[in-house]
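*Asks:* Pasting in a structure now, in structure tokens, and then I'll have a few things to ask.
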Amino acid sequence: MSQLLDNETIAAFKAKTAAVAHPRELVIDLLRAIQEQVGWVPDEGVELAAEILGLPVIEVEEVATFYDKIYRQPVGRQVIHLCDSICCWSRGGEEVARHLRQKLGVGFGETTADGAFTLLPTCCLGACGEAPAMMIGRETYGELTEARIDEILEQKRKTI
Amino acid sequence: MTAYPQLLFKNRHLGATVSLDDYRKSGGYEGLAKALRELSPAEVRETVKASGLRGRGGAGFPTGTKWTFFPSDQPGEKYLVCNGDEMEPGTYKDRVLLETDPHQLIEGMVIAAYAMQIPVGYIFIRYAYARATAALERALAEAKAAGLLGANILDSGFAFELHLHGSAGRYICGEETALLNGLEGKRPNPRSKPPFPAVRGLFGKPTTVNNVETLASVPHILTGGADWFKGLAATEEGSGTKLFGLSGHLKKTPCLELPIGVSLREVVEEHGGGVWKGRRFKACLPGGASTPYLRAEHLDTSLDFGPLEQVGSRLGTAGVTVFDETTCMVAATLNLSRFFARESCGWCTPCRDGLPYVCWLLEKIEAGQGTLDDIDNLRGQKHNIDGRSFCALAMGAMGPVDGLLRLFEEELIDHVKRGKCPVR
């Protein structure tokens, strides 16, 4: 595992913690920063956040496990969140899901053998006018077809 | 196509995220200047109240009333929170608004803060809105640099500090008290009400929570006046313009600004280009995933709070999702119920245990293994869940179930009698 956070970032968070009236409000920022660095939030990340914020570990853990965009398990280098809500469902979302699973050779909640992609379902991404849609990393892709998915995955594989 | 006055989307033709310069060229921050220089906080509250603006986040509570309930004169810590956790399936208007013209939200928030004498604000934005977040970050930096945020705004002596909070995904965060817990860095379960946020909100202090579109409408009310804003509605009782996000089985699925109260028929046939693939209209969700379905006989209903309640539904977020004649309404309701079951925070029993049970019943019926007792049971679950959950999530989940039972009972019975889905 790479380092959880570089010293500079830790110092910046400690300074912020000292400057704000309610340090606890920084917990999501901190967990997201750790995830950005490591790819997910390991136990040591939860412990580090608790230490910086002066909170019991359990109070960070109950926040970390609540949100679905904070990963408490290892994930692939890219996480694909495929929308399975009503608008995407109404415009071929199930076929898109089938194609993605087949193409990647994994089911939802699984990571490809080469560690490139983790496939997860997500609720509505707010791309309902461009359904069906998915988010890879922080980027949203709409109007998905089988051909477009193949194209996006190929392009993503080149960058990771 | 009918051309309507554009407020929130008036700068959309520019194509890119509107900069501070372009926003000011189009009259931006004039509403704020007017509020700070010509009106007392109480006069701003009264103006918003007189405009008839109702909350655009789904509940439709009159904004001015909320503001006048707020203990504006109480000294000390108070907070203004913008709810940008837009996660109701079928809803994407706030994203388009923020990506298009984010200064409207900032200006609206400073005006709101002045009206309620609030020194600190937060914008709570959902994880998936990376582009909207970037647009807001830039706009916030521009506003700070131009003296439109911070100390002594426009030399008025009024100070307002505004923070951006990026969330990490979960529909329940859109519930205002869950959102406050999330902002505080706590597990975002909803809180019990009362006390309402106006009394004990963020960090235990008086707090007003408003939706993105609601706050972004405020500058226009200040510049155009309450009567003008109210008169923009298509109906006598309505007020203002409204962003509609179209989705589902339409030829075109844009997000657009229309007078509140336009007919569902106009939205579907004119702005949506009609039902796709030459098919017929079967049903729609008029305002997001938690609003009961409408059918073809409701096409002439005005899309406004009152008229939609009269036909058993709600305006909600005005995300209109259309279903064509080939759609199985049991399957659609199952999809919606699964969403709510998964997004339940698990705090209260009717929601945590009731929603999975509803899903199980719908799965059984959709698979052709249901009995007439299962349909009765579904009705019983709706009765058991509605009004008995800790927050509005489970009640929202019962919206489409209610629509299914009332408007598509025959289709449910057909599933049971044929022992299979008659549509799929």
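*Asks:* Let me know the charge dipole size of chain B about its Cα centre in debye, to the nearest 20, where only the beta-carbon of Lys, Arg (+1) and Asp, Glu (-1) is charged. If you can, show how the numbers build up before the last one.
*Replies:* Working: 48 positive and 49 negative charges, 153 e Å.
For this selection, approximately 740 debye.
*Asks:* In nm, give the distance between the simple-model label positions of B:Glu43 and A:Glu94, each being 7 Å from the Cα along the Cα-to-Cβ direction.
*Replies:* 6.0
*Asks:* Chain B: longest stretch without exposed GluC sites (Glu not before Pro) (DSSP loop, at most 14 other Cβ within 10 Å), sites themselves excluded?
*Replies:* Longest stretch, sites excluded: B:1-235.
*Asks:* Something else: Can you flag which of A:Lys69/B:Lys186; B:Lys251/B:Lys282; B:Lys34/B:Lys230; B:Lys78/B:Lys193; A:Lys103/B:Lys420 are past 23 Å Cα-Cα?
*Replies:* Violating the 23 Å limit, Cα to Cα: A:Lys103/B:Lys420.
*Asks:* Once Lys and Arg get +1 and Asp and Glu get -1 on their Cβ, which of B:Tyr129, B:Phe196, B:Leu250 lies farthest toward the positive end of the dipole of the protein assembly as shown?
*Replies:* Sorting the options by dipole projection puts first B:Leu250.
*Asks:* Given the C-alpha centroids of segment B:99-113 and segment B:319-371, what is the distance between them in whole angstrom?
*Replies:* Using only Cα atoms to place each centre, the spacing works out to 37 Å.
*Asks:* Moving to a separate point now. Just the number, please: percent antiparallel of the DSSP beta bridges in the protein assembly as shown, rounded to the nearest 5. Mind showing how you got there, number by number?
*Replies:* On the way: 23 of 50 bridges.
So the antiparallel bridges in the protein assembly as shown amount to around 45 percent.
*Asks:* So how compact is chain A: Cα radius of gyration and Dmax in angstrom?
*Replies:* 17.8, 51
*Asks:* Whole Å is fine, so just give me how far the alpha carbon centre of segment B:1-54 lies from that of segment B:139-186.
*Replies:* Computed from Cα coordinates, the inter-centre distance equals 19 Å.
*Asks:* A further question on this structure: For the pair A:Arg101/B:Asp73, report the inter-label distance in nm, with labels modelled 7 Å from Cα in the Cβ direction.
*Replies:* Result for the modelled spin labels: 6.3 nm.
*Asks:* Moving on to the next point. State whether segment A:78-159 is rounded, prolate or oblate according to the following rule on the C-alpha gyration tensor (a ≥ b ≥ c being the square roots of its eigenvalues): a/c under 1.5 gives rounded; otherwise a/b larger than b/c gives prolate, and the remaining case gives oblate.
*Replies:* Details: a/c = 1.61, a/b = 1.49, b/c = 1.08.
It comes out prolate by the Cα gyration axes.
*Asks:* So for segment B:329-418, what are the equivalent ellipsoid semi-axes in whole Å, largest first, each being the square root of 5 times an eigenvalue of the Cα gyration tensor? Walk me through the numbers before you get to the answer.
*Replies:* Details: eigenvalues 95, 27, 24 Å².
Value: 22, 12, 11 Å, ordered largest first.
*Asks:* Turning to a different aspect of this structure: Output the antiparallel fraction of DSSP beta bridges having both residues in segment B:20-231, as a percent to the nearest 5.
*Replies:* Restricted to segment B:20-231, the bridges split so that about 10 percent are antiparallel.
*Asks:* OK, next. Rounded to the nearest 500, what is the 222 nm mean residue ellipticity of the protein assembly as shown from helices alone, with -39500 (n - 2.57) per DSSP H run of 4+ residues and division by all residues?
*Replies:* Calculated from helices alone, the mean residue ellipticity at 222 nm is -13000 deg cm²/dmol.
*Asks:* Just check segment A:2-66 against the gyration tensor rule for me: Cα atoms, a ≥ b ≥ c as the square roots of the eigenvalues, rounded for a/c under 1.5, and otherwise prolate or oblate depending on whether a/b exceeds b/c.
*Replies:* Values: a/c = 1.82, a/b = 1.11, b/c = 1.64.
It comes out oblate by the Cα gyration axes.
*Asks:* Let me ask another. Please work out the FRET efficiency for the pair A:Ala19 and A:Glu154, using the Cβ-Cβ distance as r and a Förster radius of 60 Å; give the result to the nearest 0.05.
*Replies:* So the FRET efficiency works out to roughly 0.85.
*Asks:* Hey, another quick one. What would the Debye formula give as log10 I(q)/I(0) at q = 0.06, 0.07, 0.11, 0.12 Å⁻¹ for the alpha-carbon point model of the protein assembly as shown, no solvent?
*Replies:* At q = 0.06, 0.07, 0.11, 0.12 Å⁻¹ the computed log10 ratios are -0.30, -0.41, -1.06, -1.27.
*Asks:* Please give every one of the aspartates and glutamates within straight-line cross-link reach of A:Lys14, meaning a C-alpha to C-alpha distance under 20 Å, and leave out same-chain neighbours fewer than 8 residues apart.
*Replies:* Straight-line reach from A:Lys14, under 20 Å: A:Asp6, A:Glu25, A:Asp29, A:Glu36, A:Asp43, A:Glu44, A:Glu47, A:Glu51, A:Glu59, A:Glu61, B:Glu184.
*Asks:* Oh, and also: Looking at chain B only, what percent of DSSP beta bridges run antiparallel? Nearest 5 please.
*Replies:* Of those bridges, close to 40 percent are antiparallel.
*Asks:* Place a +1 charge on the Cβ of each Lys and Arg in segment B:164-235 and a -1 charge on the Cβ of each Asp and Glu, then give the dipole magnitude about the Cα centre in debye, rounded to the nearest 20.
*Replies:* Values: 8 positive and 5 negative charges, 78 e Å.
So the dipole magnitude of segment B:164-235 works out to roughly 380 debye.
*Asks:* Specify which residue in the list B:Ser40, B:Leu264, B:Cys284 is farthest towards the positive end of the charge dipole of chain B, using unit charges on the beta carbon of Lys, Arg (+1) and Asp, Glu (-1), about the Cα centre.
*Replies:* Farthest towards the positive pole: B:Cys284.
*Asks:* Still on this structure, please answer the following. Please state the shape class of segment B:84-159: rounded when a/c is under 1.5, otherwise prolate if a/b exceeds b/c and oblate if not, all from the C-alpha gyration tensor.
*Replies:* Values: a/c = 2.69, a/b = 1.86, b/c = 1.44.
Prolate shape, in that a/c is at least 1.5 and a/b is the bigger ratio.
*Asks:* For the protein assembly as shown, build the charge dipole from Cβ charges (+1 Lys, Arg; -1 Asp, Glu) around the Cα centre, then report which of B:Gln381, A:Gly137, B:Gln117 sits farthest towards its positive end.
*Replies:* The residue sitting most towards the positive pole is B:Gln381.
Read the figures in this text as sums done on the coordinates, not as results from a lab. What you see is a predicted model, and the numbers here were worked out from it, not measured in a lab. Backbone-built Cβ (ideal geometry, glycine too); neighbour counts: all protein chains shown.
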